[in-house]
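Colleague: Below is one structure. I have some questions about it.
The values are calculated or read from the model by the stated rules, or taken from the named source; none is laboratory data. All values reported here derive from a predicted model rather than from experimental measurement. Quick reminder, even Gly has a Cβ in these numbers, built from the backbone with ideal geometry, and neighbours come from all protein chains shown. What goes into the accessible areas is simple: the full protein's heavy atoms, side chains included, and nothing from ligands, DNA or RNA. Shrake-Rupley method; radii C 1.70, N 1.55, O 1.52, S 1.80 Å.
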Amino acid sequence: MDYHKLQFKEDQIMKPFKQERFNIKQFQRDLEINILSKTDEKIVFEIINIDAPIANSLRRIMIAEIPTMAIHKVQVIQNTSVIPDEVLAHRLGLIPIIADPLQFIEKDDQEEYNELNSIDFTLVAKCEKKPNSKHDDPIEQQYTNTTVYSSSLIWQPKGQQAKLFAANPIRPVHSNIIIAKLRENQELNLRLICEKGVGKRHAKWSPVCTAFYKLMPSITIKNQLDAQRQEKLASLCPMKVFGVKGNQIKVVNPRNCTTCRECVREANGFEKDVELNKIDNHFIFSIESVGQYEAKDIMLQAIEVFRSKVQLYIKE
């Protein structure tokens, strides 16, 4: 296999490490955050002039320390489906639930369930023969509840919950998540209890599908290339990082670079023409929400959790 070492700018990693006093005002002046793309489900942004430990702390907080509500207890009253009780409970726990966790407290082990620390759902479904159906009809037309979806989870408000969440009722994020498939006379009768928790306790409480960052690539074309080699270099990159403009090849999409190294492999003949670096204080984050929060709110909450950790450290 053709291996190539990544090169880094000398002034970034080659000089001896020097312990410098942290200057908060300098940090505030240098810090830069840019949002590159944003939807309710996903946000991509860059943070410039921070160190890797800070970037990684934010990433870990997004995954493991932002609270959500998730199904934690399942009382199986009846389950005659082919799915074992414990597998069914695990599947239910991974269904994301829309409920503002700030309105709830985490339940203590010795505490009873109440309207402040839990949410109740019921799921009742039975597969039965439809009247007047024909034997050669599709199975869905012959029977009811052949497929049980997350829409079958019915919220059972407790205390003042119905009034508190009247504007945004508690429910699964998606109504079309398949829970089980039933056949004639099979049934499910379940009582489910949601609790507040965080991802470091169990992944079902994590609010993100993915939360990762990468270093900003720095790509330099060192030598002049003729038109034929320019076209060849541009076509080599699967991410379309290079483009020819005005008879000159340029790096047009540096953020698209995945460091696949196609442009610097010896077999392709550009190893002396292209220099591939990484900028060690420029991080590109990508956050995709499970659905309980908008992606931007996950980022903002992670910053608040990080701030509280710093304040606690200063006090101690």
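Colleague: Can you give me the relative contact order of the chain as a percent, contacts being Cα pairs under 8 Å and 6 or more apart?
Modeller: Numbers: 576 pairs, mean separation 88.8, N = 316.
After rounding, I find 28 percent.
Colleague: Still on this structure, please answer the following. Specify the inter-centroid distance of region 198-250 and region 66-115, based on alpha-carbon positions, in whole Å.
Modeller: 41 Å
Colleague: Further, regarding this structure: Any chance you could list P(r) for region 132-171, counting all Cα-Cα pairs in 5 angstrom bins from zero, rounded to whole %?
Modeller: Answer for region 132-171: a P(r) of 5, 19, 16, 12, 10, 10, 9, 9, 7, 3 percent.
Colleague: Can you give the log10 of the normalised intensity I(q)/I(0) at q = 0.24 Å⁻¹, computed with Debye over equal Cα scatterers of region 101-198?
Modeller: -1.22
Colleague: Now a separate question. Tell me, what is the 1.4 Å probe accessible area of R191, in Å² to the nearest 10?
Modeller: Here the accessible area works out near 90 Å².
Colleague: Considering the Cα trace of the chain, what is its radius of gyration and what is Dmax, both in angstroms?
Modeller: 26.9, 83
Colleague: Between N189 and K134, 0.36 nm times their residue separation minus their Cα-Cα distance comes to what? Could you put the intermediate results ahead of the total?
Modeller: Working: separation 55, 0.36 × 55 = 19.80 nm, distance 2.79 nm.
Fully extending the segment from N189 to K134 adds 17.0 nm.
Colleague: Follow-up question, since we're still on this one. Would you compute, from DSSP H runs of 4+ residues alone, the mean residue ellipticity of the chain at 222 nm, taking -39500 (n - 2.57) per run and dividing by the full residue count, rounded to the nearest 500?
Modeller: Working: 8 runs with 72 residues, N = 316.
The helix contribution divided over the chain gives -6500 deg cm²/dmol.
Colleague: Report in % the part of the accessible area of the chain that belongs to carbon and sulfur, leaving out ligands and nucleic acids; probe 1.4 Å. Before the final figure, lay out the partial values.
Modeller: On the way: 9650 of 19240 Å².
Of the solvent-accessible surface of the chain, carbon and sulfur hold 50 percent.
Colleague: Express the Stokes-Einstein translational diffusion coefficient of region 51-99 in µm² s⁻¹, to the nearest whole number, given a Kirkwood radius over alpha-carbon pairs, 10 °C and a viscosity of 1.306 mPa s. If you can, show how the numbers build up before the last one.
Modeller: Working: Rh = 13.6 Å.
Answer, rounded: 117 µm²/s.
Colleague: How much of the calculated P(r) for region 144-303 lies past 21 Å, in percent of all Cα pairs? Write down the numbers at each step before the final one.
Modeller: Working: 8476 of 12720 pairs.
The share of Cα pairs beyond 21 Å in region 144-303 comes to 67 percent.
Colleague: Follow-up question, since we're still on this one. Any chance you could look up the accessible area of V87 with a 1.4 Å probe, heavy atoms only, rounded to 10 Å²?
Modeller: My reading of the accessible area for V87 is about 70 Å².
Colleague: Any of K38/K158; K73/K163; K214/K272 with alpha carbons more than 31 Å apart? Name them for me. List each step's numbers first, then the result.
Modeller: Numbers: K38/K158 36 Å; K73/K163 24 Å; K214/K272 25 Å.
Cα-Cα > 31 Å for K38/K158; rest within.
Colleague: Treating each Cα of region 63-141 as an identical point scatterer and ignoring solvent, apply the Debye formula and state log10 I(q)/I(0) at q = 0.15, 0.19, 0.22 Å⁻¹.
Modeller: Computed log10 I(q)/I(0) values: -0.73, -0.98, -1.16.
Colleague: Separate question: For the chain, with the dipole built from +1 on Lys and Arg beta-carbon atoms and -1 on Asp and Glu ones, taken about the Cα centre, which of I119, W155, C263 lies farthest toward the positive end?
Modeller: C263
Colleague: Would you rank Y293, Y149, Y213 by solvent-accessible area, highest first, keeping every protein chain in place and using a 1.4 Å probe?
Modeller: On the way: Y293 35, Y149 85, Y213 65 Å².
Result, largest first: Y149, Y213, Y293.
Colleague: Probe of 1.4 angstrom, ligands and nucleic acids ignored: what's the accessible area per residue over the chain, in square angstrom?
Modeller: Values: 19240 Å² over 316 residues.
Accessible area per residue, the chain: 61 Å².
Colleague: Kindly provide log₁₀ I(q)/I(0) values, in the same order as q = 0.10, 0.11, 0.13 Å⁻¹, from the Debye equation applied to equal alpha-carbon scatterers of region 229-316.
Modeller: -0.48, -0.55, -0.65
Colleague: In addition: Loop-only trypsin sites (Lys or Arg not before Pro) in region 78-183, please: DSSP not H, G, I, E or B, and at most 10 other Cβ atoms within 10 Å. Display every interim value, and only then the final one.
Modeller: On the way: sites: R91, K107, K126, K129, K134, K158, K163, K181, R183; in loops: K107, K134, K158, R183.
In loop regions of region 78-183 (DSSP not H, G, I, E or B), the sparsely surrounded trypsin sites (Lys or Arg not before Pro) are K134.
Colleague: If you take the charge dipole of region 40-136 about its Cα centre, with +1 on Lys and Arg Cβ and -1 on Asp and Glu Cβ, which of I105, M62, I77 is farthest toward its positive end?
Modeller: After comparing all options, I get I77.
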